[in-house]
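Below is one structure; the comments refer to it alone.
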Amino acid sequence: MKYPLWLLLAACVSGANAAEPSAARREGIVVDLNAEASRLAQNDLARAQAYIELGDTTPGPLAKKVNAAMQAALATTKPYASVKVRSGNTSTYPVYSKNGRTIESWRMRSELLLESKDQAALSELLGKLQTQLAVGQLTLEPSEDTAREAENAAIGDAIAAFNARAKIVAASLGGNWRVLHMNVNNTSGMPPPRPLMRSKVAMAEAAMADMPVEAGESRVSVNISGQIEIDRK
């Protein structure tokens, strides 16, 4: 169906007029804002790695010695119900002679991974395990629930800081403000673990003694980024 030219022109003018209020609504001043806050979270979770590494001329007898040592270590962990224990990596590799072509011997390493919120029990267990295994690393960090609690508190602080900055900017420009959009980001993720590593000499001296553990705290940070619009008076 063909329409008269005057009707088409009228429709165009009507559409242009309808768009004007929408454009007018976007005449406020748009400002980008950022705010950050952090909270301390207790390092209530301890993780440890205990391992044995032995050598022998043939892999068969070597595997028997390592497996026997790991079984004895697992038996030592049984009374400690509050400590989670699982097997870690196990690897066997050849040791070559100086010419790089002849295998002189074999080395085997096997690990136990331990985790607990009962740091006193883990400390005692590590002291006992040091007569059988070496302790490669001990890390302390917030548990998932503890880190989340600190993060939620930091979110409230960061939003309050964002609103405070928005009010300052709006007051300076002499207008009312509203949030257009807001992003909440955990800038630290899960806080990095605090490694506690000890020398072999110190480990030998501490055999059958509780390994000292000082938990401390980790900082959880939250960043708020967004835009506000300030109405012009």
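Below is a table of values for the structure above.
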read-out	value
Apportionment of accessible area to carbon and sulfur, the range 50-129, percent (1.4 Å)	53 percent
Net length gained if the chain between Gln227 and Arg148 were fully extended (0.36 nm per residue, minus Cα distance)	25.8 nm
20 Å reach of a label modelled at Asn99, 7 Å along Cα-to-Cβ, counting backbone N of the range 40-76	57-58
Average accessible surface area per residue within the range 52-182, 1.4 Å rolling probe, Å²	55 Å²
Length added when fully stretched, Glu115-Lys65, from 0.36 nm per residue minus Cα-Cα	15.5 nm
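The values are calculated or read from the model by the stated rules, or taken from the named source; none is laboratory data. Just so it is clear, the structure is predicted and the values come from calculations on it, not from any experiment. Cβ sites come from the backbone with ideal geometry, for glycine too, and all protein chains shown count toward neighbours. SASA here: full protein model, heavy atoms, side chains in, ligands and nucleic acids out. Shrake-Rupley method; radii C 1.70, N 1.55, O 1.52, S 1.80 Å.
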